[in-house]
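Computed from the coordinates by the stated procedures, all read-outs in this text should not be read as laboratory data. Quick caveat, the model's predicted, so the values are computed rather than measured. Every residue, glycine as well, gets a Cβ built from its backbone with ideal geometry; the counts of neighbours run over all protein chains shown.
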Amino acid sequence: MRPSLPSPSGVGPPLWLLLELTYRCPLHCVFCYNPTEFAATGAELDTADWLRVLTEARALGAVQLGLSGGEPLVRDDLEPIVAEAHRLGYYINLITSGVGMTEERISALKRAGLDHIQLSFQDSTREMNDFLSSTRTFERKAQAAALIRKYDYPMVLNVVLHRLNIDHVAEILAMAERLGAQYVELANTQYYGWAWLNRAQLLPSRAQLERAEAVTRHFRERAGSKMQVYFVVPDYFETRPKACMNGLGNIFLAISPDGTALPCHAARMLPQLEFPNVRSHDVRSIWYDSPAFNHFRGEAWMKEPCRSCPERQRDFGGCRCQAYLLTGDAANADPVCELSPHHHLVTAALAQAESASAAVGAPAAAPLIFRDHRISIAVEPRHNPAPGG
Amino acid sequence: MRLQWEAAQEAHVLLYPEGMVKLNGSAGAILARCDGVRTLADIIADLERSYETAGLTDEVTAFVVLALERHWLEMRE
């Protein structure tokens with residue numbers, strides 16, 4: 001590998017590169033974090049563009065590679081992209097629903113040097129999985145899991161949790177055990193994209209969350225170390241924000257299907273920033289020189305209470321997208337923080353979740369909106385007021 | 001789990017599903033010698049030769065134990 005040039009201004013390399021190869025997806029998940037306006041984005045990059053991005057980012061020091069989407073298996077050039085990434089020395093993670101995985105493809109991906117596959121499930125039963133993804137895909141995911149085992153990949157499952165499936169954690173863990181999972185990520189929904197539209201239907205109650213955590217603890221005690229379970233707590237229930245992306249522009253670089261470079265896969269929503277495109281700029285100038293990537297580096301952008309907060313170097317003020325979605329200003333403190341003057345917006349959402357889950361059997365306040373190309377054209381990007389009233 | 005030298009970080013790194021550990025100089029030097037063929041005694045001897053020192057046994061053994069606990073290494077029968 002070519003040694004990287006010294007970085008200007010003390011900015012480190014983009015160690016984590018995420019290629020969102022396509023927004024096309026056979027699933028219609030209600031919690032998807034893809035932008036609701038994905039149908040309005042430009043044409044997908046072609047193979048040569050992706051290979052160039054891999055080369056340029058690797059020269060800067062990128063080494064952990066995520067291939068995601070949408071559903072990356074929709075791209076028929078996934079195999080040559082993996083082969084080139086492997087040749088360049090990336091550690092390659094494929095993040096997939098499993099739909100479209102065949103023996104022919106997994107065998108070709110293995111030969112090309114794919115290191116790891118993360119397979120998503122929506123729930124533990126065919127009925128709930130298929131309802132939440134608005135597809136008949138449960139059996140195909142189970143088949144993908146069998147192929148992952150057959151080709152000697154570690155079995156890594158990801159299940160996104162929310163009000164409609166969080167009470168099934170015991171069944172989800174039992175399913176993971178049956179599938180021979182080594183790692184299970186129980187990731188509570190983060191409220192961006194389609195999940196933001198559906199927040200009023202998806203945010204669990206505190207009692208649900210505590211039950212799920214207790215079930216997970218109990219499972220860990222029983223199963224020991226043969227299956228590692230990560231439980232990602234929903235940040236709405238915290239009093240301090242997550243150190244989102246370890247600070248925007250510090251280690252993480254995402255490239256969207258149309259070539260837009262983003263410091264976080266959700267950042268496309270941030271209104272005041274013009275994100276550069278890899279079709280017209282090389283990755284080095286995007287990462288080090290572009291105003292969009294420099295905007296939220298350091299602390300100059302911070303407002304109070306972050307600006308003088310002793311914890312600002314630990315959490316970087318939380319998530320810029322969450323600050324924007326909830327308050328309309330991406331430079332505000334993430335309202336998850338109880339020191340934020342907007343924290344009541346989070347507690348109000350939690351209170352609404354409490355009353356919604358108390359009203360068992362009552363009709364939902366608003367229907368779930370499934371991720372869909374036709375709806376994507378119809379929805380306006382929106383921030384506050386919160387969805388669902 | 002994969003170990004490789006990263007010029008941009010001037011360090012050996014361990015790569016695994018969605019994770020990465022940047023190793024300090026001694027950890028990198030030890031793990032880079034764990035090839036599944038050499039014994040612990042071979043590795044300690046090689047390190048002592050390479051760094052022109054002696055008495056590394058305790059330090060290297062302690063690190064190898066830690067690496068086993070963290071599943072950075074696995075034991076061959």
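So what is the relative contact order for the stretch A:65-165, in percent, with contacts set as C-alpha pairs under 8 Å and at least six apart?
Values: 149 pairs, mean separation 26.8, N = 101.
The value is 27 percent.
The Cα atoms of the stretch A:37-95 give a gyration tensor whose axes a ≥ b ≥ c have a/c of 1.5 or more with a/b greater than b/c, which makes the shape prolate.
Spin-label model, A:K150/B:D42: points 7 Å from Cα along the beta carbon direction are separated by 3.7 nm. Going from the fewest other Cβ atoms within 10 Å to the most, the residues B:M75, A:M175, A:M155 appear in the order B:M75, A:M155, A:M175.
Calculated [222 nm] ellipticity per residue, helices only, for chain B: -13000 deg cm²/dmol; basis is -39500 (n - 2.57) per DSSP H run with n ≥ 4, divided by all residues, nearest 500. How would chain B be classified by its alpha-carbon gyration tensor: rounded, prolate or oblate, with rounded meaning a/c under 1.5 and the a/b versus b/c comparison settling the rest? The shape class here is oblate.
Classify the stretch A:136-268 as rounded, prolate or oblate from the Cα gyration tensor: take a ≥ b ≥ c as the square roots of its eigenvalues, call it rounded if a/c is under 1.5, otherwise prolate when a/b beats b/c and oblate if not. Oblate, since a/c reaches 1.5 and b/c is not below a/b. For the stretch A:173-318, the relative contact order works out to 22 percent when only alpha carbon pairs closer than 8 Å and six or more residues apart are counted. Among the listed pairs A:K110/A:K141; A:K242/A:K303; A:K150/B:K22; A:K141/A:K242; A:K110/A:K226, give every one whose C-alpha distance is greater than 28 Å. Going by Cα-Cα distance, A:K150/B:K22; A:K141/A:K242 fall outside the 28 Å limit. From helices alone, chain A scores -10000 deg cm²/dmol at 222 nm; the rule is -39500 (n - 2.57) for each run of n ≥ 4 DSSP H residues, then divide by the residue total. Placing a pseudo-label 7 Å from each Cα along the Cα-to-Cβ vector at B:T61 and A:R312 gives an inter-label distance of 5.0 nm.
Quick one: if the Förster radius is 30 Å, what FRET efficiency do A:T239 and A:E37 give, using the C-beta to C-beta distance and rounding to 0.05? That gives a FRET efficiency of 0.40.
Please order A:T347, A:T327 by the number of other Cβ within 10 Å, starting at the fewest.
On the way: A:T347 12, A:T327 19.
The most exposed by this proxy come first: A:T347, A:T327.
Annotation: the antiparallel percentage among DSSP beta bridges lying fully within chain A is about 10.
Taking other Cβ within 10 Å of each residue's Cβ, how do B:I44, A:I148 sort, fewest first?
On the way: B:I44 22, A:I148 26.
Ordered by Cβ neighbours within 10 Å, fewest first: B:I44, A:I148.
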